[in-house]
Amino acid sequence: MSVGRADFGAFFAAVRAGQQPFRWQERLLDHLLATGRWPDQLVAPTGAGKTSVIDVHVFAVAMMAAGHPVRVPRRLALVVDRRALVDDQHRHATTIADLLAAARDDRTVLARVAAALGGLRTGQVDPTASPLTVALLRGGAPPSRSWLDEPVGAAVLCATPDMWGSRLLLAGYGSRAQARPREAGLLAYDTVAVVDEAHLSRQLVTTARRVAELAVVADEQLGVPVLQVVETTATPHADAGVAVGVEADDLAVDAPLRQRLTTPKPVTLLPVPTWPIPRSGPAAKAGVAALADEAVRLREAHGATVGCFVNTVAVAAAVAAELRARDLKVELICGRLRPYDVDRLRPPASNLLSLGGDPTVDVLVSTQSLEVGVDLDLAAAVTELAPGGALAQRAGRVNRLGVRPATEVSVVVPAGELPDAAQSGPYQRDDLAAALTWLAGRAADPAGLAPWALRDPRPPAPALRRDLLQRLELAQAWHLARTSDDLAAAPDDLDLWLSDDLDAADHEFGIVVRRALPADTSDAVRLIEALPPRPHEVFPVSIRQSPEISRRIDDIATAAVRARRDPPPTPILVRPGESAPRPLTAGERIRPGDQLVIDDTTELFTSGVVDPAGTERVDDVLDALADPKPGDIVLRIERDTAAHRRFLDAVAATIVDQDDPESHGAVEPDPEEVAQLLRMHRDELTPRPMVIAAAALLDRPETERAGAQVIPHWQDSDDGKPELARLIVVDLRKATVDDELRQTWTPRRRKVLLSQHADAVAERAETVGDRLGLPAELVAVLRLAGLHHDDGKSDERFQKRLAADPTELLAKSKVRDARRDRKLLKESRLPTGWRHEQLSVVRAWPNLSTQDDANRELIARLVGTSHGHGRHGFPHTAGQLVGTVDTTAIDATAVNATAVDLFDEGRWDELIERTHRRWGVWGCAYLEALLRAADGQVSAEGS
């Protein structure tokens, strides 16, 4: 089945509900197919359909897979500083992925595109899985990692600037240090980054293009396209290279586009004496009332949902409360909501956040999170004064398709001169003043804020909040590459290379609400270890709010003690790179990417949004998904109702030997028995969708029950006897994306021989290199690195950790619970932090003597860094590393001498630096990512 250029219109219509592509979108595809490069600029006003870059990317990669001779990037990264838009883009990419997964009729273009993309993948392909990988990298949410395991396939990554940029710089926020090199390598090669609203991310664009330059100047090239960076803009600027986008002639041909871009959107200025609106007091009430009054007027005048855009969460919550007090149906949307809460307003639950709209909603109140990209069609809108670009984007949500006979945009402005110290939310006075002057001209023009009318004069660009843009130098890149070293100057703060405003750079952490968080911190840690935060339940929170939130949590606890009430349980901190969750300590600094789990009794919210001054609570939604997908099934049964207690006691009776009270906790529940009890009690257990899903997951033959785990938590009852406090069922079908877990266990519940695993990884690494078109020499390097990457696992101490039979060497053991794993690790007597791949280098080194020096060092580097460690150093000396050597299997003297040479006398550090010079910082990271992907695929398949 082939895919040709003539199929693009049909493909576009299939993923866009029948819509045909505009001419500019066709030109973009043709430019990509002719050159293999994306343009430097994408020129498209708001409403022109910039999200279609996803469709163009997927189709172009499918054509390449089907035999088109021009090489195009396999990964598309969409980068924009709007959480709602990131989620919207992710949703569209996921829709395409789902359509491709469901395409079965070979006669359809979707099936042919799916077949072409599927041919790229190198792992064992699940016939029900999509050939398109989609990932979300947004602050405050657990980052997607599945994209790292398929470097040959097509992928779409949707990200905020800090999450994407930090990963490109080998210091990903929310990533473990060991994952950072592979993220950076895959983002620097075979990837195009489309930076939306690039005028707000000038430093990021500068840094990304500099990384591409540094990749090109390495001594040796990989034969893979380096990172391409695209700026999106409403109007082109001559100094930014090749531009593709909407042209004036397009409007004469594309009638729907003309309607979208040229239909007038008249502007009315609404002077308010109390603007900018303060957080509290009479002036705040007056400003909120003015916004509410105008929203009511617009609703009565236009008869459908109107928008109210404000600059702060506090004002948004106040306006929503005021409108609800007037008996209007109001929905509040801001980027600080959980994905679960936003999903309630999207199809199929609601049509509010779609072009169809929800006529039952009177007013949609939002912060700037809905400014960009979201396909929302409001009848009219009132907005606070904001910078010109923000106002243009807010107006873009009004009469989006241009089909309404009339509309208007009201802008709340100061009644007199803008105060000298005026600031509204994230916006500074000089940007507001420039917008106010520009807005006066737009109010006098009948076209108002119609997108085509904003080409000249353009909305004023925000002032750069730094003296100059920083250029990343090679020495700094080498410093960033030391990802596994404990540096005195660790690169935790990357704002110098990522942010346009060094004084107000905003990163995020996450807050998760859980019911019945145990008061005992060790019990709480065990619970969160078993049930880590899931993406749908995480509130994204500005890191700037973290000190206020910490103080608020402390104040709540102090007030409870003074009132002689039990304080809320201590929050539990989940920090990437740490081996386990732990209690948050007093005064501890919260970092970007952290997740803080709090009890559902904590009053830290206003209108469903995290607010340090809030006095409301929100519900736990961990297990509230009505239709859990594979990997998302999670069930916890607590002793909180009589029905739950009966069920837990029934499970306990299948485990505990009644004649031996100490037997509790010694044996895991039998999954089939738990499944049977879940079915027996399902009518009285909650939440029922998860109960049914968990029973189906567990009720499988052992060989098919890959990754399902039943975790019992015990406690002493009032009479001192053990009782089952809670039962947790976890779906671990996505756990194989965890690089640490894959090093010691297989989801297939069977042991894996070391030789079998090494051969499989070598073969897969060779396949990956071949599919990517790497030079034959590098393909051979990858194969040899795969063959030797686990040589160090033959150490008898490591074999004890795997509970191996002395007659065979294992690479993986069966799935075990965490308690058993910790016990085996202790019994092995391995030094703390010992790494098998460090010993793999020692044992492989003599076997690589036939290679030339450059390839020998590259193979050794890939072996030593095969799990993200060893960049640059390892923590153990030769003596600690090697331990007791089996002299019947290997020359002990040679092993010790090699270990001393490499790790005591500095050869390893020199090797790392020489490979950096030869293949580049990001080139080495890319090759490491390929080997690790091959290992990950094989491990996930059970080999």
Can you compute the helix-only [θ] at 222 nm over the chain? Use -39500 (n - 2.57) per DSSP H run of at least 4 residues, normalise by all residues, nearest 500 deg cm²/dmol.
-11500 deg cm²/dmol
Going down the table (Lys793/Lys826; Lys50/Lys285; Lys265/Lys329), which pairs top 27 Å between alpha carbons?
Lys50/Lys285
Using alpha carbons only, how many angstrom separate the centre of the range 187-209 from the centre of the range 377-412?
28
Multiplying the sequence separation of Asp904 and Arg471 by 0.36 nm and subtracting their Cα-Cα distance, what value in nm do you get?
152.3 nm
Could you calculate the FRET efficiency of Gln851 with Glu603 from 1/(1 + (r/R0)^6), where r is the beta carbon distance between them and R0 is 56 Å, rounded to 0.05?
0.30
Mind putting a number on the dipole of the range 524-619 about its Cα centre? Charges go on the C-beta only, +1 for Lys and Arg and -1 for Asp and Glu, and I need it in Debye to the nearest 20.
280
Relative contact order as a percentage, the chain, C-alpha pairs under 8 Å and 6+ apart, gives 13
With each label point set 7 Å from Cα along the Cα-Cβ vector, what nm distance links Ala626 and Asp520?
3.8
In nm, to one decimal, how far is the modelled label at Ala286 from the one at Thr893, with both set 7 Å along Cα→Cβ?
9.3
Can you work out the FRET efficiency for the pair Ala461 and Asp719, with r the C-beta to C-beta distance and R0 = 60 Å, to the nearest 0.05?
0.25
Distance between modelled label sites at Asp486 and Ala34, nm, 7 Å Cα→Cβ extension:
5.7
Count the DSSP beta bridges whose two residues both fall in the range 496-654, then state the antiparallel fraction as a percent rounded to the nearest 5.
70
Before anything else, pin down the relative contact order of the range 745-809: Cα pairs under 8 Å, at least 6 apart, normalised by residue count, whole percent.
36
How big is the Rg/Rh ratio for the range 508-655, C-alpha atoms only, Rh by Kirkwood, two decimals?
0.98
I'd like the projected area of the range 385-511, averaged over all directions, using the convex hull of its alpha carbons. Report it in nm² with one decimal.
13.0
Kirkwood Rh (inverse of mean 1/r, distinct Cα pairs), the chain, angstrom:
29.8
Tell me, in nm to one decimal, what length is gained between Arg23 and Asp699 on full extension, where the rule is 0.36 nm per residue of separation less the Cα-Cα distance?
238.1 nm
How high is the FRET efficiency between Gln676 and Ser146 when r is their beta carbon distance and R₀ equals 25 Å, given to the nearest 0.05?
0.15
Only four residue types carry charge here, +1 at the Cβ of Lys and Arg and -1 at the Cβ of Asp and Glu. Report the dipole size of the chain about the Cα centre in Debye, rounded to the nearest 20.
1120
Would you mind checking which residues have amide H under 5 Å from Leu169's amide H? H placed 1.01 Å from N; only 5 or more apart, or other chain.
none
Have a look at the DSSP beta bridges in the chain and tell me what percent are antiparallel, nearest 5.
35
Ranked highest first by the average count of other Cβ atoms within 10 Å around their residues, in what order do 905-916, 928-939, 100-111 fall?
928-939, 905-916, 100-111
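We did not get these values from a lab; they are worked out from the coordinates using the rules stated. Quick caveat: nothing in here was measured; it's all calculated off a predicted structure. Cβ atoms come from the backbone with ideal geometry, glycine included; neighbour counts cover every protein chain shown.
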